[in-house]
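Since the structure comes first, as structure tokens, the remarks are kept for the end.
The values are calculated or read from the model by the stated rules, or taken from the named source; none is laboratory data. Given the structure is predicted, the values throughout are model-derived calculations rather than measurements. Cβ: placed from backbone, ideal geometry, glycine included. Neighbour counts: every protein chain shown.
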């Protein structure tokens, strides 16, 4: 009997240990983030994570500084986000605390999700807040096949942005994710593309010489709106759809115009084993989103002739569409992902301020007055893709990762006026290693080798040559510690 | 006469046993069970739902399906485990196939009905014949079960 009781106790201990480390979430990002296990969730589960890192950027300065169009020794890709002031340093980059659950546990058909960002990044940097709520939503699960989620939450979108960031296998996003998808919203007033020029009086009234002239947070792949979604099982396959309408204004929580963004998402996944964010499966997905943005064009357009801006002055609406497809495979310690993304309209050309055009350098008579237009992202096109993979070394806590990403910015640049073809290509190879201290804590090490180019342009051109900056963008090294609680 | 009386008595006893056995078929289903364990779940923490199912599964694995009788008694907030739409219903079905019994406290069902405005739909593998605590007392004091509260 004594022996039997010991065995029961041992079995219980094993069960407890197993349950403590099991992922208990739903099966895919749409379901994982929008629902709770029916009648098996608590009234409130507090959770969160911290990411802290140290980075070194090895980029060289632009040696042509002083010639026209070469105003900066170090441009934003050479500086650490979000402050864009240094090339190395420690950062408490992400710190999020949230709660989720079913407010009335007896009714498993209603659940909620709330999350806030406390650290220093693009969400909290723009707009001057130190803490920013990113998610606050309620899901109604009464209608089979058409669950309804309302509030602020991640939009159904490409895998890199849709996945929970605390399971992301790299320290930095791909360039296509960072530039095409991580939306920078237009400033409320026109902001000249002349940062760091000492003594210049900006239209926004701030003459301080600095980068980072954003007056709103980045989009964080989120919106405020209403989503209809559900998942259907067919033997080993799971099919998930989501349709959403939203303000199209990210985590700014207001509708700044009368246009709603539309989001469509479909995924089909063959499930091999497990559950939660590390589930083993083969997933194929496609998505599309479309909306409009209101942009402040220069109040005083550049006069007719070469470099004249054909667009109206002042507040103007532009279409913004993004779409893509991809595949993700994860089985027995081997991971592979490939995605292709395409965008039209509101192509961000900063990255030091929310500009969507490139204008020629040179004096202007007054703030708000335009300079000759060299490239136009307002109605431009871009695309990009990446492949990445990971391998968990058996019987160790080590994992190795590799990623190659390409972003082609302004693929239609040759159609536009100006002395140079301002099509940009951003290629990055990222090599990484991760050490899983435990299931909730990991150390991530990355080396990024960046090869950035613009189209043909005389060097050094009278109109400035972006390659003077881009060709001096070098390697970036990072080490990050992440803990989920 | 005595012969007929004995026969009728035996039949009545047999019927009574069958009727009782339909609800609580432990003895009938597990005639060779040398261990009897009742697991209590009364906690609102959803982690406990996974835990109690894991424990039941491990007990079955440890002793073998035919050698142990396991019954999970749910009452209070723990009754949600036996809701029809519970996310663990697949696991409950699997354990029921291995002979694990599930018992839902009738008092809790009635109290929840008052809050919900209707009786909660229960898992088809669950029985509900009376209060959960009374069921545990009976299993422990009369049927030789050992109570474990994970």
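Observations
- Only one entry of A:111, A:70 meets the criterion of being in contact with a strand residue (DSSP E or B) (Cβ under 8 Å, 6 or more places away or on another chain) and surrounded by 15 or more Cβ atoms within 10 Å (Cβ to Cβ), and that entry is A:111.
- Note on segment B:20-131: enclosed helices (runs of 4 or more DSSP H) holding 2 or more residues that are over 22 Å from residue B:147 (Cβ atoms) and within 13 Å of chain A (Cβ to nearest Cβ) are B:89-97, B:106-116.
Yes/no matrix, rows are residues, columns are (1) within 14 Å of another protein chain (Cβ to nearest Cβ); (2) at pLDDT below 75; (3) touching a helix residue (DSSP H, G or I) at 6+ places or on another chain (Cβ under 6 Å):
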residue	(1), (2), (3)
A:21	yes, yes, no
A:29	no, no, yes
A:35	yes, no, no
A:44	yes, no, no
A:54	no, no, no
A:68	no, yes, no
A:75	no, no, yes
A:80	no, no, no
A:86	no, no, no
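- Scope segment A:263-291; condition surrounded by fewer than 18 Cβ atoms within 10 Å (Cβ to Cβ) and assigned to a strand (DSSP E or B); matching residues: A:264, A:266, A:268, A:270, A:272, A:273, A:280, A:282, A:284, A:286, A:288
- Just one of (1) modelled with pLDDT under 70; (2) out of contact with any strand residue (DSSP E or B) (no Cβ under 8 Å at 6 or more places or on another chain); (3) within 22 Å of residue A:298 (Cβ to Cβ) fails for residue A:184. It is (1).
- From the list B:99, B:78, the one residue that fits, being touching a residue at least 24 places away in the same chain (Cβ under 8 Å), at positive phi and in contact with a helix residue (DSSP H, G or I) (Cβ under 8 Å, 6 or more places away or on another chain), is B:99.
- Sole exception among (1) within 14 Å of chain B (Cβ to nearest Cβ); (2) assigned to a loop (DSSP other than H, G, I, E, B); (3) touching a residue at least 24 places away in the same chain (Cβ under 8 Å) for residue A:100, by number: (2)
- Conditions (1) farther than 24 Å from residue A:125 by Cβ; (2) in contact (Cβ under 8 Å) with a residue 40 or more places away in the chain; (3) part of a loop (DSSP other than H, G, I, E, B): number failed by residue A:71: (1)
- For segment B:138-150, a residue qualifies if it is loosely packed, with under 13 Cβ neighbours inside 10 Å and more than 12 Å from chain A (Cβ to nearest Cβ), and the qualifying residues are B:141, B:142.
- Residue in segment A:252-260 that is outside any loop (DSSP other than H, G, I, E, B) and either over 30 Å from residue A:432 (Cα atoms) or at pLDDT 90 or above (or both) present: yes
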